[in-house]
Amino acid sequence: MNILPNIKTGISVCPHDCPSTCALEVEVLDERTIGRVRGAKENSYTLGVICEKVGRYAERIHHPDRLLHPLKRKGPKGSGEFQRISWDDAMAETAEAMLKAEAEHGPTAVWPYYYAGTMGYVMRDGINRLRHAKGYANMGDTFCVALSWSGYLAGTGSISGVDPREMQKSDLIVIWGGNPVNTQVNVMTHAMMARKNRGAKIACVDIYDTGTMKQADVKMLIRPGTDGALACAVMHVLFRDGYADWAYLEKYTDAPKEFAAHLKARTPEWAAKICDIPAAEIEAFAALIGQTKRSFFRIGYGFTRSRNGAANMHAVSCIPAVTGAWAHEGGGALHSNSGMYGINKTMIEGLDVRKPGVRLLDQSRIGAVLLGDPYDLAGGPPVKMLFVQNTNPASVAPDQTKVKAGLAREDLFTCVHEQFMTETAKYADIVLPATMFLEHDDIYQGGGHSHLMLGRKLVDAPGECRSNHDVICDLAARVGAAHPGFAMSPRELIDWTLVNSRRPGLETLDAENWIDVMPSFEKAHFLSGFGHADGKFHFRADWRKVRFRGMDKPVGPLEKLPGFPDHCETIEEATADYPYRLATSPARAFLNSSFTETPTSQKREQRPTVFVHPGDLVELGLSDGQKVKVGSARGVVTLHAKAHAGQRRGVLIAESIWPNSAFEDGQGINTLTGADQPAPNGGGAFHDNRVWIRAA
């Protein structure tokens with residue numbers, strides 16, 4: 001349906017945890033109601049294309065189950081039994097719990113806990129202003145990028161890369177370890193333009209036959225956690241067969257001769273046994289890369305959600321350095337451009353009042369933290385007050401059994417600020433209703449592109465919903481937190497942040513909708529030097545010096561990470577008791593635990609399932625559609641088997657994240673995942689699980 005001439009169209013930005021950060025055109029029917037949502041055609045990255053989830057956002061923002069009023073628990077934790085109370089009473093009880101925890105145990109007994117339910121600077125990161133002003137416990141934000149960014153930084157020294165629009169000028173686009181058909185649809189827009197306009201080939205490396213792999217010319221189907229081995233074998237061929245660009249290597253890399261010598265034993269035959277892929281396919285893939293200077297590596301996140309994820313990312317990022325693809329338009333690599341923006345978040349996050357020496361608690365280990373593990377508490381007091389915005393740890397955090405046990409503590413006061421009654425909200429003492437992105441102003445950056453973007457308030461919020469910023473400022477006043485940012489409006493914070501980041505101010509952004517801040521070709525391609533002090537790309541990783549912003553010291557088995565790229569054997573390999581490997585990959589119609597409440601997403605995904613190779617079904621005596629149980633050392637879940645030949649034998653795929661309540665026993669998929677800390681900076685190893693499977 002076309003936009004009708006009498007319907008107002010507003011411009012905003014998708015707020016969800018996706019690097020595409022799409023520019024949106026939104027039909028505004030009245031002051032409280034939206035219609036269709038479309039991609040903004042004038043944005044050079046979005047190009048009018050958005051995912052189906054956001055296209056039907058009206059069913060989410062106008063959902064009958066939205067939280068509309070503050071609530072107070074009246075039943076057992078987790079029961080979801082609440083009674084309505086006033087905002088003043090809700091905020092008074094929450095502030096009292098914060099002050100009580102601080103008085104009895106010190107400020108680090110209060111843990112503000114958040115993540116990427118919105119990616120806007122003001123609404124996502126403002127919680128840190130309260131944290132820093134009061135000296136509350138810090139949080140290591142390890143769910144998503146701790147592993148991937150650590151690996152990418154080890155090589156390039158910078159979280160940045162090639163302009164994604166250059167894919168249109170590529171001759172080979174390698175989509176490695178991601179499924180943009182499900183998670184970043186705009187990647188496919190630009191890749192398909194290259195295919196149509198210049199005959200570019202698309203290669204896909206993944207652990208199952210995803211929607212992306214179905215559209216690829218070259219399909220590299222490997223076992224989970226073996227990407228490093230494949231990358232090494234590819235580079236072995238590049239050096240062996242004369243495809244390495246030695247002039248580039250000598251100028252831009254740290255140890256090319258030593259690295260080439262190291263790779264001599266990493267043959268395609270060696271990798272074939274590890275990856276479970278024919279050596280001939282590795283040879284052909286490597287030759288294609290070597291013969292195609294304009295090879296664009298669009299490196300995903302999924303393959304790094306493994307205990308060896310950082311090492312695998314580093315290995316993959318080395319390939320375009322060997323071929324010198326970085327020197328060519330349409331060549332090089334992009335994982336994320338998040339590091340290029342140079343945004344000054346002092347006013348939003350209160351960085352000027354951040355106190356040194358405040359303990360840091362690992363987000364991914366929330367279960368162990370709340371249960372008082374001495375390692376996690378780091379000599380400090382137990383967490384007595386938990387304040388949650390923008391995330392749903394009872395569903396999305398690993399080691400779910402421990403998470404739910406921790407949230408069920410009667411001596412823990414929990415306040416959850418949410419849009420829906422999530423699993424986490426059901427454990428709360430106070431639940432506060434939150435606005436959605438079209439109901440407040442914010443500013444966004446595109447991790448997968450190069451635009452700073454204004455997300456405008458287009459409609460009024462329903463009921464008594466309040467924004468994250470409003471709640472943080474109210475709490476600050478009640479607990480005695482002082483900072484100038486608490487007295488500023490979202491638009492004032494946006495303007496201050498832009499001006500103090502040496503960018504055009506809000507007036508310009510408001511007029512133009514977005515600002516393209518892509519650096520020069522030379523800088524984006526690292527032709528003026530990589531991000532390390534020596535200006536070189538590092539084949540030899542110094543893992544102890546690779547610091548991820550979320551953690552304050554190295555963690556995990558650092559001694560097992562390879563110096564030069566190699567197959568890193570830190571994954572949960574299958575055993576006799578747990579003979580299968582499980583990945584919990586993202587479903588197309590969900591985004592983490594968002595959109596699980598919308599009818600069309602539920603209809604598309606149908607029910608929790610696990611993809612099982614037909615050969616494994618026969619061996620197990622199971623049938624397609626049969627109810628099964630899957631177990632790890634951490635717990636057991638019940639779902640339905642689906643015959644799926646698009647993965648290697650012994651590999652299971654459970655596309656998620658379904659609500660825990662969608663499973664008949666209430667145990668969600670993250671019951672199976674582990675929260676041990678991978679080296680070097682922790683992270684969620686969601687796709688690295690050894691399990692058994694049997695009939696329910």
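The values are calculated or read from the model by the stated rules, or taken from the named source; none is laboratory data. Because the structure is a prediction, the values reported are computed rather than measured. Here the Cβ positions follow ideal geometry from the backbone for every residue, glycine too, while neighbour counts run over all protein chains shown. Note: accessible area is taken over every heavy atom of the protein model, side chains too, but ligands, DNA and RNA are not part of it. Shrake-Rupley method; radii C 1.70, N 1.55, O 1.52, S 1.80 Å.
Here is how the numbers come out for the structure above:
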read-out: 3J(HN,Hα) from dihedral phi, segment 599-613, Karplus parametrisation 6.51/-1.76/1.60, rounded to Hz, x for glycine, proline; value: x, 5, 5, 4, 5, 5, 7, 6, 6, x, 9, 10, 6, 10, 4
read-out: Modelled label reach - ALA408, point 7 Å along Cα→Cβ, segment 642-669 residues with backbone N closer than 20 Å; value: 659-669
read-out: Cα-based convex hull, segment 329-442, per residue volume (Å³, whole number); value: 196
read-out: Amide H within-cut-off set for ILE657, under 5 Å, with H built and near neighbours excluded; value: ALA587, ASN592
read-out: Efficiency of FRET from Cβ geometry, ALA287 and ARG694, R₀ 41 Å, rounded to 0.05; value: 0.40
read-out: Total charge dipole magnitude, segment 379-480, about the Cα centre, Cβ charges on Lys, Arg, Asp, Glu only, Debye to nearest 20; value: 240
read-out: Pairs of Cα atoms farther than 18 Å apart, segment 618-668, %; value: 33
read-out: Folded to 0 to 90 degrees: helix 87-105 orientation relative to the chain principal axis, Cα; value: 70
read-out: Candidate aspartates and glutamates - alpha carbon under 15 Å from LYS53, same-chain residues fewer than 8 apart omitted; value: ASP17, GLU25, GLU597, GLU605
read-out: Degrees separating the helix 146-156 axis from the principal Cα axis of the chain, which is the longest one; value: 50
read-out: Segment 65-164 - convex hull of the alpha-carbon atoms, volume per residue in Å³; value: 190
read-out: Cα shape, segment 191-304, gyration tensor, a/c 1.5 rule; value: oblate
read-out: Within the accessible area of the chain (1.4 Å probe), percent carbon and sulfur; value: 50
read-out: Dipole magnitude of segment 71-140, debye to nearest 20 (Cβ charges: Lys/Arg +1, Asp/Glu -1, about Cα centre); value: 180
read-out: The chain, accessible area per residue, ligands and nucleic acids excluded (1.4 Å, Å²); value: 34
read-out: Dipole of the chain, positive end: most advanced residue of TYR427, MET213, ALA481 [Cβ charges, Cα centre]; value: MET213
read-out: Segment 554-668: Lys pairs at Cα distance under 30 angstrom, eight or more positions apart or on different chains; value: 5
read-out: Antiparallel %, DSSP beta bridges [both residues in the chain], to 5; value: 45
read-out: Tilt relative to the chain, helix 227-240 - C-alpha long axis, 0 to 90 degrees, to 10; value: 30
read-out: FRET efficiency, 1/(1 + (r/R0)^6) with R0 22 Å, evaluated for LYS264 and GLU329 via beta carbons; value: 0.10
read-out: FRET efficiency estimate (nearest 0.05) - Cβ-Cβ, GLU559 to SER528, R0 51 angstrom; value: 0.90
read-out: Sites excluded, trypsin sites (Lys or Arg not before Pro) in DSSP loops with at most 15 other C-beta within 10 Å, longest stretch of the chain; value: 265-501
read-out: Vicinal HN-Hα couplings computed from phi for segment 273-288 (Karplus, 6.51 cos²θ - 1.76 cosθ + 1.60; Hz; Gly/Pro x); value: 5, 6, 8, 6, 9, x, 4, 5, 5, 5, 4, 5, 4, 5, 5, 4
read-out: Average projected area [Cα convex hull, segment 13-101], square nanometres; value: 9.1
read-out: 14 Å beta-carbon shell around PHE420, net charge (K/R +1, D/E -1); value: -2
read-out: Candidate lysines for bridging to LYS523, where Cα separation is under 30 Å - those fewer than 8 sequence places away on the same chain excluded; value: LYS41, LYS169, LYS196, LYS201, LYS251, LYS257, LYS293, LYS345, LYS536, LYS545, LYS553
read-out: Dipole moment magnitude, nearest 20 debye, the chain about Cα centre, only Lys, Arg, Asp, Glu C-beta charged; value: 740
read-out: Extreme residue, positive dipole direction of the chain, given options HIS532, ASN6, GLY330 (C-beta unit charges); value: GLY330
read-out: Peptide ranges 509-515, 317-323 listed from the most packed, as the mean C-beta count within 10 angstrom indicates; value: 317-323, 509-515
read-out: Computed [θ] at 222 nm, deg cm²/dmol, the chain (DSSP H ≥ 4; -39,500 (n - 2.57); rounded to nearest 500); value: -8000 deg cm²/dmol
read-out: Contour excess over end-to-end distance, with Cα ends at SER489 and LEU68 and 0.36 nm allotted per residue; value: 149.3 nm
read-out: Of the GluC sites (Glu not before Pro) in segment 336-424, those whose Cβ has at most 12 other Cβ within 10 Å and which sit in DSSP loop; value: GLU410
read-out: Kirkwood-type radius of the chain, with distances r between different C-alpha atoms, in Å; value: 25.7
read-out: ³J(HN,Hα), Karplus 6.51/-1.76/1.60, whole Hz, each residue of segment 212-222, x for Gly, Pro; value: 5, 4, 5, 9, 8, 7, 10, 10, 10, 9, 10
